[in-house]
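Notes to accompany the following structure.
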Amino acid sequence: MRAVPPNRFVPGWIKVAPDSLLAASQSRGQPAWMEFIHVLWTMWVFVVPVFTPQGYNALWWALTALSYPLFLALYAGTLVLPSRWVAACATGMLVLCLALLRWYPSGMSYFVFGCVMLGAHRWRSGWHYAAVLLLANVCLVVLARSIGYPWSALVWLPVTTLVVGLIVHVERQRHHKDAALRLSQDEVRRLAATAERERIGRDLHDLLGHTLSLVALKADLAGRLLQRDPEAAQREIGELGQVARDALGQVRRAVTGIRAAGLAAELAAAKVLLQGEGIGLQVDVPAVAMPPEQETVLALCLREAVTNVHRHARASRVRVSLTGDARQWRLCVEDDGRGGVVRPGNGLDGMRERLQVLGGALRIEPAPGRGTRLLADLPHWQAGATTPPAHATRTDAPLS
């Protein structure tokens with residue numbers, strides 16, 4: 001679970017439980033005041049006397065002074081106490097309303113808050129929550145009618161509590177599912193990183209174990225031959241140097257493979273990132289063979305482009321395509337977001353620099369209709385090439 005960040009809005013003496021509503025809200029990046037601001041709706045406690053015959057009499061002031069601080073404490077409890085206490089605090093609001101209903105019509109605002117906060121409890125289904133709301137409203141209406149409340153003062157309560165309560169309940173459940181999804185994604189990434197570290201460890205052990213054993217053997221042999229057969233010792237030392245150079249080349253190739261980012265892996269990561277936010281992803285990337293250096297650059301460009309779409313574009317659909325001909329590869333990332341002027345930043349500058357090193361170029365333009373299109377071009381190398389061809393050194397060639 002993510003750590004709860006400190007918030008100056010919450011006094012230091014209030015301990016926020018890790019599984020509380022406030023902690024869950026803060027883990028999503030929301031400030032604490034966004035949960036407490038709903039207390040402003042209790043203004044109806046102070047407005048109701050305007051519509052009653054008694055008005056702001058001494059009894060109203062006394063009951064307000066006693067009940068309103070208790071209500072605030074119960075509301076704060078639903079936010080900062082462990083989740084198992086939410087239902088108890090919300091029920092306390094309902095009881096507070098029913099106990100004062102005969103003398104205190106303003107307490108119906110407490111009833112509304114209690115019904116809504118009950119939606120934060122972990123109900124088995126929304127139907128169970130709706131049934132509890134209906135039962136609570138029946139109890140209130142029966143008691144109020146027995147006291148003498150008119151229908152006009154009660155008819156709005158069931159509608160308000162059911163509609164607002166169910167909406168808030170559905171929203172809370174969506175946040176729970178999003179948090180569970182984030183945890184599962186974090187776990188998948190952790191397991192993938194662990195598996196990759198283990199694979200790298202095995203590869204390096206297999207790669208260097210035999211070589212280092214051979215180096216040690218030849219070094220010992222050269223040491224024994226150094227006095228009685230200097231020429232043989234010299235040959236062993238020469239072979240020792242060749243073995244070390246071969247091992248260095250193997251390590252460099254292995255590290256290059258470890259550092260390389262593949263298009264397939266980045267497409268899979270893009271699918272998880274975008275579809276987790278409800279953004280559709282259309283992929284048109286054929287299985288092609290290209291030098292690892294080029295594939296890594298295009299994969300990193302794809303990663304940065306998808307990250308920018310996720311953060312800024314407000315898109316509902318993204319299309320990724322890769323095309324190639326005899327001259328160049330072209331990666332296209334197109335979204336249907338808000339578009340507009342794209343300000344260059346560290347991410348885009350890094351993409352452009354990586355492409356230019358290999359003779360490529362980057363272009364960003366408006367997509368047809370709306371949105372943004374990113375085009376990353378690289379000159380076509382032959383598979384297995386280690387240096388770019390002569391025509392790939394131009395970085396200012398116009399893109400068609």
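For residue 90, the criteria (1) over 19 Å from residue 40 (Cα atoms); (2) modelled with pLDDT of 85 or more hold in every case but one, which is (1). The set of residues in the range 294-329 that are under 25 Å from residue 370 (Cβ atoms), surrounded by 18 or more Cβ atoms within 10 Å (Cβ to Cβ) and over 20 Å from the mean Cα position of the chain (by Cα) comprises 301, 320, 322. Candidates in the range 140-161 are the residues that are touching a residue at least 40 places away in the same chain (Cβ under 8 Å) and touching a helix residue (DSSP H, G or I) at 6+ places or on another chain (Cβ under 7 Å); of these, the one that is farthest from residue 95 (Cα to Cα) is 160.
Here's the yes/no breakdown for (1) surrounded by 19 or more Cβ atoms within 10 Å (Cβ to Cβ); (2) over 37 Å from the mean Cα position of the chain (by Cα); (3) more than 19 Å from residue 129 (Cα to Cα):
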| position | (1), (2), (3) |
| --- | --- |
| 76 | no, no, yes |
| 82 | no, no, yes |
| 93 | yes, no, no |
| 96 | yes, yes, yes |
| 100 | no, yes, yes |
| 104 | yes, yes, yes |
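Just wondering, is there one or more residues in the range 282-290 that are β-branched (Val, Ile, Thr), surrounded by fewer than 16 Cβ atoms within 10 Å (Cβ to Cβ), part of a strand (DSSP E or B) and without any contact (Cβ under 8 Å) to a residue 12 or more places away in the chain? No, that holds for no residue.
Picking from residues in the range 361-386 that are crowded, with 18+ Cβ neighbours inside 10 Å and in contact with a Gly (Cβ under 6 Å, 6 or more places away or on another chain), the one that is modelled with the lowest pLDDT is 371.
Here's a check for you: in the range 285-325, which residue that is among the basic types (Lys, Arg) and out of contact with any Gly (no Cβ under 7 Å at 6 or more places or on another chain) is nearest to residue 366 (Cα to Cα)?
Residue satisfying both the conditions and the ranking: 319.
Screening 20, 67 for residues that are closer than 21 Å to residue 122 by Cα, out of contact with any strand residue (DSSP E or B) (no Cβ under 7 Å at 6 or more places or on another chain) and either among the hydroxyl-bearing types (Ser, Thr, Tyr) or at pLDDT 80 or above (or both) leaves exactly one candidate, 20.
Give the number of residues within the range 57-102 that are among the basic types (Lys, Arg) and over 23 Å from residue 140 (Cα atoms).
Here the count works out to 1.
The values are calculated or read from the model by the stated rules, or taken from the named source; none is laboratory data. Since the structure is predicted, the reported quantities are computational estimates derived from the model, not experimental observations. Note that each Cβ is placed from the backbone with ideal geometry, even for glycine, and that neighbours are counted across all protein chains shown.
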